[in-house]
Amino acid sequence: MNCSISGEIPEEPVVSKNSGLLFEKRLIERHISDYGKCPVTGEPLSIDDMVPIKTGKIVKPRQAASIPGMLGMFQNEWDVLVLSNFALEQQLHTARQELSHALYQHDAACRVIARLKKERDEARSLLAQAERQMPLSSTPVSSNAAVSGNGKRVNEDEELGPDGKKIRQGISATFISELTDCNAALSQQRKKRQIPPTLVPVEALESYTQISSHPLHKTSKPGIISLDIHHEKDVIATGGLDTNAVIFDRSSGEILSTLSGHSKKVTSAKFVARDDLFLTGSADKTVRVWQQSDDGNYNCRHILKDHTAEVQAVTVHATNNFFVTASLDNTWCFYELASGLCLTQVTEASETEGYTSAAFHPDGLILGTGTSEALVKIWDVKSQKNVARFDGHVGPVTAISFSENGYFLATAAHDGVKLWDLRKLKNFRTFSPYDSETPTNSVEFDHSGSYLAIAGSDLRVYQVASVKSEWNCIKTIPDLSGTGKATCLKFGPDAKYLAVGSMDRNLRIFGVPGEDGSMEA
């Protein structure tokens, strides 16, 4: 039997009444005098609780008489060392327990911090989305309310005329002078216009193929129905059936911002070539003016509610100070961009059809609109008078595009594409690329006026010629979306690529293989 402290056979064994443990008498007495408790169980212990055990006397070898004092000193030091070692072992055990508990608490705290950070990021995202939607979901205001950057609304005069409609201030003489000056300057430049040497030649365009595809919109409501390109930044904007507009950087292949706020599909998306402004029109009857912030996101500056039916088209004037919206309510509105104020709302009392497309002439004093009843109307912007109308289409006019040369107009409808000579106000050519059941959804001249692209069940690119010359189809690209319906397209700078939206969620880029830095998505 060994001592519970020293682990050796005791010379004077004693046993505890409480725990029944065996100790060396001198060691346990010293421990009791220092701590007053059992060294093993930790229970209170006194010397009276110790019971001596009688054993046979241990015979020790005789010691030299000259060293008994030294042996006694060594024995005392040994006792102190054994007690100290035992106390250290106890402390080590306690420290290990505390360390284990602390490590567990640290791990639990790290998990809690990670969860709180995730919840914080989600809350920030929801807050940003709520701030964008706040103007639309706030208390009712007038049918046209501007929203400043801090979320405050700017109420407008709601004086009504005899017909129950708002009285608009009209396009002032100052604004008309600005429009006229812009027209004069651009017309003068057009007389000296030359085809840029950087324009993609016909031979290169004939080799166009898909070089990238990018899923930008939600899978729950796939479909890209509007598209625009900021040529200086090489940034593409798309509007989808999922009620969102997406700003996409083509060179990096990354989404720069997703604009949420509309409650229905985004039917039109347009960049403004100044102040990082962007416009969207929607089937929810509203138009939104967005501005890019320092962090790259777009904040809603104005929500325009002048229309009473779906907004089908938004087009920006060459000054970048005005824009026009066209709606199925049979009106088009002329806005000042800075204030978001509707200067005039134009309608024809004798007409009932709505507007399905709109585009400014490159010089800015002529506006072209397409209607749901297959009519193309040409307007004088200064007087807001209908100066010409073209008929002959079948079905709604889905798209309008003016050529940069200033006198060609292309219009698309269910029956195909018609080309109009604005000098003689007549149709000089018709393309019917698809069968009677397949509408033509989009038509677009490139910025130089050298090429014309058509979107329907496939993509077709024509080389622009004169009125009497043949317009040759130089490239036909099949629809790769699997939906059989390409909805919108735009030429990139110098026609180096063609951006296409379809009824799936992907934006597709077609160009010369090997000459584009973007990766296949």
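Here are a few things to note about the model shown:
- So Asp284, is it outside any strand (DSSP E or B), crowded, with 22+ Cβ neighbours inside 10 Å and at pLDDT 90 or above: no
- A residue that is at pLDDT 90 or above, surrounded by fewer than 21 Cβ atoms within 10 Å (Cβ to Cβ) and under 18 Å from Ala273 (Cα atoms) occurs somewhere in segment 336-343.
- The residues listed here are Asp275, Asp228, Asp242; of these, the one that is outside any strand (DSSP E or B), acidic (Asp, Glu) and in contact with a Ser or Thr (Cβ under 9 Å, 6 or more places away or on another chain) is Asp242.
- Of Val314, Val289, all but one fail to be farther than 15 Å from Ser226 by Cβ, in the same structural domain as Cys182 (by the TED database), of a type in the set (A, V, I, L, M) and in a strand (DSSP E or B); the exception is Val289.
- Taking the numbered list (1) in a helix (DSSP H, G or I); (2) without any contact (Cβ under 8 Å) to a residue 24 or more places away in the chain; (3) more than 60 Å from the chain's Cα centre (by Cα) in turn, Cys110 passes all entries but (3).
- Just so you know, in segment 482-498 the residues that are touching a strand residue (DSSP E or B) at 6+ places or on another chain (Cβ under 7 Å) and not in a strand (DSSP E or B) include one that is most open to solvent (accessible area, probe 1.4 Å), and it is Lys496.
- Members of segment 182-222 that are polar (S, T, N, Q) and not in a strand (DSSP E or B): Asn183, Ser187, Gln188, Gln189, Gln194, Thr198, Ser207, Thr219, Ser220
- Hey, Thr258 crowded, with 17+ Cβ neighbours inside 10 Å and at pLDDT 95 or above or not: no
- Only residues that are farther than 15 Å from Ala453 by Cβ, among the polar types (S, T, N, Q), assigned to a loop (DSSP other than H, G, I, E, B) and open to solvent by 30 Å² or more (accessible area, probe 1.4 Å) were counted across segment 394-435, and they come to 1.
- Residue in segment 344-393 that is surrounded by the fewest Cβ atoms within 10 Å (Cβ to Cβ), counting only those that are of a type in the set (Lys, Arg) and free of Cβ contacts under 8 Å to residues at least 40 places away in the same chain: Lys385
- Pairing residues of segment 176-199 that are within 18 Å of Asp446 (Cα to Cα) with residues that are open to solvent by 40 Å² or more (accessible area, probe 1.4 Å), at Cβ distances under 7 Å and at least 6 apart in sequence or on separate chains, gives Leu186/Ala318; Pro196/Asp494; Thr198/Asp494; Leu199/Asp494.
- Residue in segment 57-75 that is touching a strand residue (DSSP E or B) at 6+ places or on another chain (Cβ under 8 Å), under 17 Å from Glu11 (Cα atoms) and either modelled with pLDDT of 85 or more or surrounded by 10 or more Cβ atoms within 10 Å (Cβ to Cβ) (or both) present: no
- Residue match in segment 460-468 (condition: surrounded by fewer than 16 Cβ atoms within 10 Å (Cβ to Cβ), part of a loop (DSSP other than H, G, I, E, B) and touching a His at 6+ places or on another chain (Cβ under 7 Å)): no
- Residue within segment 213-228 that is free of Cβ contacts under 8 Å to residues at least 60 places away in the same chain and open to solvent by 20 Å² or more (accessible area, probe 1.4 Å) present: yes
The values are calculated or read from the model by the stated rules, or taken from the named source; none is laboratory data. Worth saying up front: this structure is predicted, and the values here are computed from it rather than measured. Positions of Cβ are generated from backbone atoms using ideal geometry, with glycine treated the same way; all protein chains shown enter the neighbour counts. Please note that ligands, DNA and RNA were not included when accessible areas were found on the heavy atoms of the full protein model with its side chains. Shrake-Rupley method; radii C 1.70, N 1.55, O 1.52, S 1.80 Å.
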